[in-house]
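Take a look at the structure set out below.
What follows is calculated from the coordinates using simple rules that are stated; it is not laboratory data. The model shown is predicted, which means the values in this text are computed figures rather than measured ones. Note that each Cβ is placed from the backbone with ideal geometry, even for glycine, and that neighbours are counted across all protein chains shown.
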């Protein structure tokens, strides 16, 4: 995992600290959060080598990530795998909508930088997302 000095760079605007953001690190992921009305805007920096099941599972206490992620992948490559085996790849620049119940990992040697919008534990409901991954009917 990269150290904080490597991930947070004052010379790269995409990695520079966000003014007035609440900042924390969880499982190697740098998270910055700013309130925006009833929602939150977050920047998450996932280091190379990050895998949710390796770095977050023991912290969170669930087998899979049960958060919905909606936003914009600004840098990097992320792969998501659902319990049913369905795998999705997201490569920047790309809009991302990930339902709860997934494992995720960073692919490659650069950090993945995601800009997310959420409503804390109400994200699924407020954004009209399914509460778990389902295959679309044809």
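Laid out as a table, the results:
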quantity: Potential lengthening between residue 135 and residue 57 on full extension [0.36 nm per residue; Cα-Cα distance subtracted]; calculated: 25.6 nm
quantity: Computed label-point distance, nm, for sites residue 127 and residue 66 using a 7 Å Cα→Cβ extension; calculated: 1.8
quantity: Relative contact order %, the chain, counting alpha carbon pairs below 8 Å whose residues are six or more apart; calculated: 25
quantity: Diffusion coefficient, µm² s⁻¹, Stokes-Einstein with Kirkwood Rh over alpha-carbon pairs of the chain at 25 °C and 0.890 mPa s; calculated: 159
quantity: For peptides 17-23, 119-125, 107-113, sequence by mean Cβ density within 10 Å, most packed first; calculated: 107-113, 119-125, 17-23
quantity: Estimated 222 nm signal from helices in the chain, with DSSP H stretches of n ≥ 4 weighted -39500 (n - 2.57), rounded to 500; calculated: -2000 deg cm²/dmol
